[in-house]
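Asker: Below are the structure tokens for one structure; questions will follow.
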Amino acid sequence: MADLFLYGTLRYVPLLECVLGRSAESLDARQAQLADHAVRQVRDQHFPAIEACEGVSAPGLLLRGVTQQDLDALNFYEGGFDYALKQVEVRLESGEPAHAEVYFPAPGMWDTTELWDLDGWIADWGALSLRAAEEVMDLRGCKSAEEIARIFPSIRRRAASWLAAQARPEDPAHDLARDVRVHGHKRAYVNFFAMEEMDLQFRRYDGSFSPVVNRGVALVGRAAVVLPYDPVRDQVLLIEQFRAATYIAGEKSPWMWEPVAGLIDPGETPEETARREAQEEAGVAVTQLERVAEVYPSSGASGEFIHIFVGLADLDAVEGGGGLASEHEDIRSKVISFSEFIDAVDRNTYQDMPLVTAALWLARHRDRLRAHIG
């Protein structure tokens, strides 16, 4: 048995229950303080770090009677992020001292900012972190802690996408609690993308239930797509890059002409992603975003949800672009006239669905976008 002092996100009891795999009622957890330490927000991250700070006390949770099974679960959840357990003395609310171990980050590992606020973190990140932790702990025994750390950004993107889907309106014609029965659920493959399978039944239109069917879905998260358009010059900008997915599928021309696109990071809006990706991939500063569609591009096989925009821009001022070397992107762009673009669409030149969708929307709204040109 061991006693642990938890100072960060694991003070959120639903998250702690998820990681340990048992209810809070079975835990001996008490409020405590660690003197001469502060819990601070890590810059540009969604979690805190603890550091020595004279005259300040770090609030936390003293977890007593931690079993080896609990410790193994905690080490799996935290272990890939270069934390080490160290002995400290904490004080309970009664003033009683107690010895405990604390997960400390490696010295100099994080750049910290202001004091961390647990309630604010729960409001902003609690639900997403809990959803991500469910996937992480499901992978225990299949992936190492180091592998989890490597793919954790993708896990969080999938969690954010799931929460966004849950927030969309329910179908008034169907009650999921009555009309879908799940008999099994597994994560068949997890990496940058994930593949999940379910054995399920769904209610048919005649009121009966289908047989139990096995279905799989490719999950990646949400994406923002933007087609840059210059209404003054009546031109669009396209990018081209190699797509491994189409190559693996057997495509003999896997270099694809597309609009700008990128995955939406947790905490980022689709509009922010669209503007960021336009700058990174094409060197374009978008001045105005026109919403085209919010859709599943292949609802029979993929859970990816995309936000498609046309972005108004000055295409005579394209600077930089080409993608990020850190993401192994190798992108080139071209600017063509609208008439050349739409003629190519009519000839079925392009194979990227979001590009064709944006093209058809632009054809319908082009006159409005150009109406106020002097």
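Asker: Which value in Å is the Kirkwood Rh of the range 225-374 over different Cα pairs? Display every interim value, and only then the final one.
Answerer: On the way: mean 1/r = 0.0636 Å⁻¹.
Mean inverse Cα-Cα distance, inverted, gives 15.7 Å.
Asker: How high is the relative contact order of the range 17-117, given as a whole-number percent (alpha carbon pairs under 8 Å, six or more residues apart)?
Answerer: Once normalised by length, the contact order is 33 percent.
Asker: Among the helices of the chain (complete DSSP H runs), which have Cα atoms covering no less than 18 Å along the helix axis and a Kyte-Doolittle mean of at least -1.0? Show your work: numbers first, answer last.
Answerer: On the way: long enough: 145-167 (32 Å, 0.00); 353-370 (24 Å, -0.07).
Correct list, ordered by number: 145-167, 353-370.
Asker: If you line up the Cα atoms of the range 150-303 on their principal axes, what length do they span on each, largest first, in Å?
Answerer: So the extents along the principal axes, rounded to whole Å, are 57, 36, 31.
Asker: Now a separate question. Compute the whole-percent fraction of alpha carbon pairs in the range 207-287 spaced more than 21 Å apart. Could you put the intermediate results ahead of the total?
Answerer: Working: 1567 of 3240 pairs.
Here the tail beyond 21 Å accounts for 48 percent of pairs.
Asker: Give the cross-link partners of LYS252 among the lysines, using a straight C-alpha distance below 28 Å as the criterion and excluding same-chain residues fewer than 8 apart.
Answerer: LYS334
Asker: Sticking with this one: Which distance in Å, rounded to a whole number, links the C-alpha centroids of the range 140-186 and the range 14-65?
Answerer: 27
Asker: What range in the chain is the longest one free of trypsin sites (Lys or Arg not before Pro) that are in a loop by DSSP and have at most 12 other Cβ atoms within 10 angstrom? Could you put the intermediate results ahead of the total?
Answerer: Working: sites that count: ARG43, ARG204, LYS252, ARG347.
That would be 44-203.
Asker: For the range 222-275, with all protein chains present and a 1.4 Å probe, just round the carbon and sulfur fraction of the accessible area to a whole percent.
Answerer: Working: 1270 of 2310 Å².
The nonpolar share, carbon plus sulfur, comes to 55 percent.
Asker: With contacts defined as alpha carbon pairs under 8 Å and 6 or more residues apart, what's the relative contact order of the range 62-196 in percent?
Answerer: Across the range 62-196, relative contact order equals 21 percent.
Asker: In sequence order, what are the phi-derived ³J(HN,Hα) couplings for the range 176-190 according to the Karplus relation 6.51 cos²θ - 1.76 cosθ + 1.60 with θ = phi - 60°, rounded to whole Hz, with x for glycine and proline?
Answerer: Couplings: 4, 5, 9, 9, 9, 10, 9, 9, x, 8, 9, 9, 6, 7, 9 Hz.
Asker: Which order do you get for MET1, MET353, MET137 if you rank them by accessible area with a 1.4 Å probe, largest at the top? Write out the running numbers ahead of the final one.
Answerer: Working: MET1 180, MET353 75, MET137 30 Å².
Sorted descending by solvent-accessible area, the residues read MET1, MET353, MET137.
Asker: Write out the GluC sites (Glu not before Pro) in the range 256-346 meeting two conditions: DSSP loop, and at most 14 other Cβ atoms within 10 Å of their Cβ.
Answerer: Details: sites: GLU268, GLU271, GLU272, GLU277, GLU280, GLU281, GLU290, GLU294, GLU304, GLU319, GLU327, GLU329, GLU340; in loops: GLU268, GLU304, GLU319, GLU329.
Those satisfying the criteria are GLU319.
Asker: At 4 °C and 1.567 mPa s, what whole-number value in µm²/s does Stokes-Einstein give for the translational diffusion of the range 268-331, with Rh from the Kirkwood sum over Cα pairs?
Answerer: 99
Asker: Check each of the chymotrypsin sites (Phe, Trp or Tyr not before Pro) in the range 203-261 and keep only those in coil by DSSP with at most 10 other C-beta atoms within 10 angstrom; list them in order. Mind dumping the intermediate values first?
Answerer: Details: sites: TYR205, PHE209, TYR229, PHE242, TYR247, TRP255, TRP257; in loops: TYR205.
Sparse-neighbourhood loop chymotrypsin sites (Phe, Trp or Tyr not before Pro): TYR205.
Asker: Let me ask something else about it. Averaging over every viewing direction, what projected area does the convex hull of the Cα atoms of the chain cover, in nm²? Mind dumping the intermediate values first?
Answerer: Numbers: hull surface 97.9 nm².
Its Cα hull, projected and averaged over all orientations, spans 24.5 nm².
Asker: From zero outward in steps of 10 Å, how is the percent of C-alpha pairs of the range 24-148 spread across the bins?
Answerer: Cα pair-distance distribution for the range 24-148, in percent: 11, 37, 42, 10, 0.
Asker: How much mean residue ellipticity at 222 nm does the chain get from its helices, if each DSSP H run of length 4 or more adds -39500 (n - 2.57) and you divide by all residues, to the nearest 500 deg cm²/dmol?
Answerer: Working: 10 runs with 108 residues, N = 374.
For the chain, the value works out to -8500 deg cm²/dmol.
Asker: Report the relative contact order of the chain, percent, no decimals, based on alpha-carbon pairs under 8 angstrom and at least 6 residues apart.
Answerer: Result for the chain is 12 percent.
Asker: Another question, then. Multiplying the sequence separation of HIS365 and VAL212 by 0.36 nm and subtracting their Cα-Cα distance, what value in nm do you get? Walk me through the numbers on the way to the answer.
Answerer: Working: separation 153, 0.36 × 153 = 55.08 nm, distance 4.54 nm.
So the extension gain works out to 50.5 nm.
Asker: Can you tell me the accessible area per residue over the chain, all protein chains present, probe 1.4 angstrom, in square angstrom? Walk me through the intermediate numbers first.
Answerer: Numbers: 19730 Å² over 374 residues.
Dividing the accessible area of the chain by its residue count gives 53 Å².
The values are calculated or read from the model by the stated rules, or taken from the named source; none is laboratory data. All of these numbers come straight from a predicted model, not from anything done at the bench. Glycine gets a Cβ as well: all are built from the backbone with ideal geometry, and neighbour counts include every protein chain shown. Please note that ligands, DNA and RNA were not included when accessible areas were found on the heavy atoms of the full protein model with its side chains. Shrake-Rupley method; radii C 1.70, N 1.55, O 1.52, S 1.80 Å.
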